[in-house]
Amino acid sequence: MKHTVAIYPGSFDPLTNGHLDLIDRGSKIFDELVVAILRNPEKAALFSLEERVTMLEQQTGRWKNVRVDSFEGLLVDYALRQKAQAVLRGIRAISDYEYELQMALMNRKLEPRLETVFMMPAEAYSYLSSRLVKEIARLGGSVHGLVPESVEERLRRRVNGVAPADGRGHSLRASKEKARRSG
Ligand code: ADP
């Protein structure tokens, strides 16, 4: 019998409830789902790779066919090493479509055996992104219900100046204070 493996790649900086919604849906249609964090030295992240792996592992333990990994380089090469047949991506709104279509077609050109599967999250998560969550947290707003509670706590600590290794936490605190002062 065919064993289907899919890769769900992303930055997951940080993990949101929208990501979890997609993981839940993906885990139901694939035999195995690998949530793969892209290691991208060019993209400054709020959370280190280790932190992102920990957040994902803590939240995905409930699905027996989901595992967490990270990769560098071309997604298609990584997918082949994992013996995956599909890449899972989320489409929230039309605005996601153009970029995702371009990526999917380019990946198909690079590796025609790999299919990209798009899934839509529950409506409640269709406006949710890691970028917005970080912005709200930096400005002192509540992200309750948008991310798991443990992620909420980590965000609070990080924007309040508990710096990652590169010391970026201080500039975050400064921008939060600036935002508060300017009302
Ligand atoms: P990337 O930098 O690859 O976009 P993200 O972590 O932002 O990494 O997103 C990874 C994948 O999860 C993408 O396919 C994105 O469209 C999807 N995604 C992100 N947020 C949501 C959400 N709220 N609902 C559904 N899919 C989402």
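The values are calculated or read from the model by the stated rules, or taken from the named source; none is laboratory data. Please read these numbers as outputs of a predicted model, since none were measured by experiment. All Cβ positions, even for glycine, are placed from backbone atoms using ideal geometry, and neighbour counts span all protein chains on display.
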So, first residue more than 13 Å from R39 (Cβ to Cβ) in region 69-81, second residue of a type in the set (A, V, I, L, M), Cβ within less than 6 Å, six or more apart or across chains; the pairs are V76/L110; V76/L114; A79/I7; A79/L114
Filter region 25-65 for residues that are of a type in the set (D, E, K, R) and under 14 Å from the mean Cα position of the chain (by Cα); the one that is nearest to R157 (Cα to Cα) is E51
Scanning region 58-115 residue by residue, those crowded, with 16+ Cβ neighbours inside 10 Å and small (G, A, S) turn out to be S70, A79, A84, A86, G90, A104
Across region 124-144, the tally of residues that are outside any helix (DSSP H, G or I), more than 9 Å from the ligand (Cβ to nearest atom) and surrounded by 17 or more Cβ atoms within 10 Å (Cβ to Cβ) stands at 1
Subset of region 80-93, residues among the aliphatic types (A, V, I, L, M) and either in contact with a Ser or Thr (Cβ under 6 Å, 6 or more places away or on another chain) or over 18 Å from L15 (Cβ atoms) (or both), comes to L80, A84, A86, V87, I91, A93
When restricted to R81, R89, R67, the only residue within 25 Å of Y127 (Cα to Cα), modelled with pLDDT of 95 or more and basic (K, R) is R89
Checking L114, L101, L75 in turn, the sole residue that is closer than 22 Å to I7 by Cβ, touching a helix residue (DSSP H, G or I) at 6+ places or on another chain (Cβ under 7 Å) and within 13 Å of the ligand (Cβ to nearest atom) turns out to be L75
By residue number, the members of region 94-150 that are in contact with a Ser or Thr (Cβ under 7 Å, 6 or more places away or on another chain) and of a type in the set (S, T, N, Q) are N107, S130
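Could you list, in sequence order, all residues of region 25-46 that are more than 11 Å from the ligand (Cβ to nearest atom) and either touching a Gly at 6+ places or on another chain (Cβ under 9 Å) or under 23 Å from V133 (Cβ atoms) (or both)?
S27, L33, R39, P41, E42, A44, L46, listed by residue number.
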Subset of region 11-24, residues within 7 Å of the ligand (Cβ to nearest atom), in contact with a helix residue (DSSP H, G or I) (Cβ under 7 Å, 6 or more places away or on another chain) and within 16 Å of T54 (Cα to Cα), comes to S11, F12, D13, T16
